[in-house]
Amino acid sequence: MNAVEVKNLTFSYKDGKLIVRDMSFSVASGEVFVIAGPSGSGKTTLCHIFCGIIPHAIKGALSGKVTLMDIDPAEVGIPQTAQRAGLVFQDSDSQIVCSAVEDELAFALENLCAPPDEIRRRVDELAAEFGFEHLLLINPAKLSGGQKKLLAIASILAPDPPVLILDEPMSGLDSEGRDLVRAAIERQRDNGRTVIVVEHDLSLVAFADRWLLLSGGSVAACGTPAEIMRDKKTLSDLGLVYDIGLVYDNS
C-alpha cells in the first residue's frame with residue numbers, strides 16, 4: 001500500500017512561475033522517502049501540496065492528482081489533512097509557539113479539543129520517546145538545536161499522523177543534533193510511520209529506503225540509494241552533496 005500517490009502533478013504560483021512539472025511517483029507506507037534537488041526544483045512546494053497548504057493557504061494553478069492515505073489534500077483542506085500528515089518546518093523556532101516543553105507537546109491536541117486524560121497520556125508518551133521527561137517545564141528557547149528539532153517533531157506527532165514530512169530537518173545542526181534527528185526518523189520508520197524528508201546532503205540520509213531527485217520541477221531519478229549512487233553524473237549535475245565513499249548494500 002502506498003501512503004502517497006502523485007500522478008501528473010503540475011503547479012505554478014500566482015505570478016505564473018511553474019515549479020512542479022507533470023510529476024508522477026509514489027511513497028510506500030512505512031518507508032523513509034527522501035526528496036532532493038537544487039533550489040527551486042519543487043521540494044518544499046511538494047511538501048506544501050501534501051499538507052494542503054497549497055492550494056488552500058498558498059494559491060496557484062494546481063492540476064493532476066495527489067492521494068495521501070485516503071484523501072486528496074486539495075479537496076478536503078488543511079484540518080483534515082493534518083490528521084494524516086504533519087509537516088515540520090526547516091526553522092524549528094518558527095514552529096515552536098509555547099513557553100514550556102510540556103505545553104508545546106500538548107498544543108496540537110488541545111487545539112483538537114482532545115480529552116485532558118488523553119492529552120496527559122500522549123504528552124507523557126512523547127516525553128519518554130524523545131527524552132523530555134526532565135525538561136517538561138523548560139522554556140524551549142533553552143534547548144539545543146537538536147532538542148528543538150526533536151520538540152518540533154514530537155509536537156507534530158502528538159495527534160499521531162501516519163505520515164511525517166520533514167523539510168531539511170538536519171539543517172544548521174551539529175553532528176550530535178543530526179544523530180538525534182536521524183535516530184528519531186529511523187524510530188518512526190520502525191514504528192510503521194511513513195517519513196518524507198527533504199534534504200540536499202544525501203550523505204545524511206543514507207539510511208533512507210528511496211531517494212527522489214528533482215530537476216527543474218521534474219523527476220530526474222527515483223530509486224534506492226544504491227541505485228542512485230551508481231549514476232554519479234546525475235548527482236553531480238544537480239549539485240547535490242554526497243559522499244562518494246559511502247557504501248550502500250540495499251540489494
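What follows is calculated from the coordinates using simple rules that are stated; it is not laboratory data. None of these values were measured; they are calculated from a predicted model. Cβ placement follows ideal geometry from the backbone for every residue including glycine, while neighbour counts extend to all protein chains displayed.
Comparing 33, 157, 101 along the charge dipole axis of the chain, the residue lying farthest to the positive side is 33, per the Cβ-charge model. Phi-derived couplings, Karplus 6.51 cos²θ - 1.76 cosθ + 1.60 at θ = phi - 60°, listed residue by residue for the stretch 210-227: 9, 10, 10, 9, 10, 8, x, x, 10, 7, 8, 6, 8, x, 5, x, 4, 5 Hz, with x used for Gly and Pro.
Determine which lysines satisfy two conditions relative to residue 65: a Cα distance under 22 Å, and not lying fewer than 8 residues away in the same chain. Once the sequence-local lysines are set aside, what remains near residue 65 is 7, 14, 17, 43.
How do 88-101, 114-127, 155-168 rank on mean C-beta neighbours within 10 Å, highest first?
155-168, 88-101, 114-127
Charge dipole (Cα centre; +1 on Lys/Arg Cβ, -1 on Asp/Glu Cβ; no other charges) of the stretch 92-160 amounts to roughly 260 debye. Per residue, the average separation of C-alpha pairs within less than 8 Å and at least 6 apart gives the chain a relative contact order of 26 percent.
As a calculated quantity, the FRET efficiency between residue 133 and residue 113 at R0 = 22 Å, using C-beta atoms, amounts to about 0.25. Based on the Stokes-Einstein relation at 20 °C and a viscosity of 1.002 mPa s, and on the Kirkwood radius from alpha carbon pairs, the chain is assigned a translational diffusion coefficient of 115 µm²/s.
Going by a ≥ b ≥ c, the root eigenvalues of the Cα gyration tensor, does the stretch 78-130 fall in the rounded group (a/c under 1.5), the prolate group (a/b larger than b/c) or the oblate group? Verdict is oblate for the stretch 78-130.
For residue 197, the amide hydrogen comes within under 5 Å of the amide hydrogens of 33, 34, 35, 166, counting only partners 5 or more places away or on other chains and with H modelled in the peptide plane. Between residue 100 and residue 233, the FRET efficiency estimated from the beta carbon spacing at R0 = 51 angstrom works out to 0.50. Less than 5 angstrom separates the built amide H of residue 28 from those of 3, all sequence-distant by 5 or more or on a different chain.
Summarised as an ellipsoid, the stretch 92-160 has semi-axes of 18, 12, 10 Å, derived from the eigenvalues of the Cα gyration tensor scaled by 5 and square-rooted, with the largest first. Each label point was placed 7 Å from the Cα along the Cα-to-Cβ direction; for residue 7 and residue 125 their separation is 3.4 nm. Counting Lys and Arg as +1 and Asp and Glu as -1 over every other residue whose Cβ lies under 12 Å from the Cβ of residue 133, the net charge comes to -4. Between residue 67 and residue 186, residue separation times 0.36 nm minus the direct Cα-Cα distance comes to 40.4 nm. Scanning the chain for long hydrophobic helices, with DSSP H runs required to stretch 15 angstrom or more by C-alpha along their axis and to average at least -0.5 on the Kyte-Doolittle scale, returns 101-111, 145-157.
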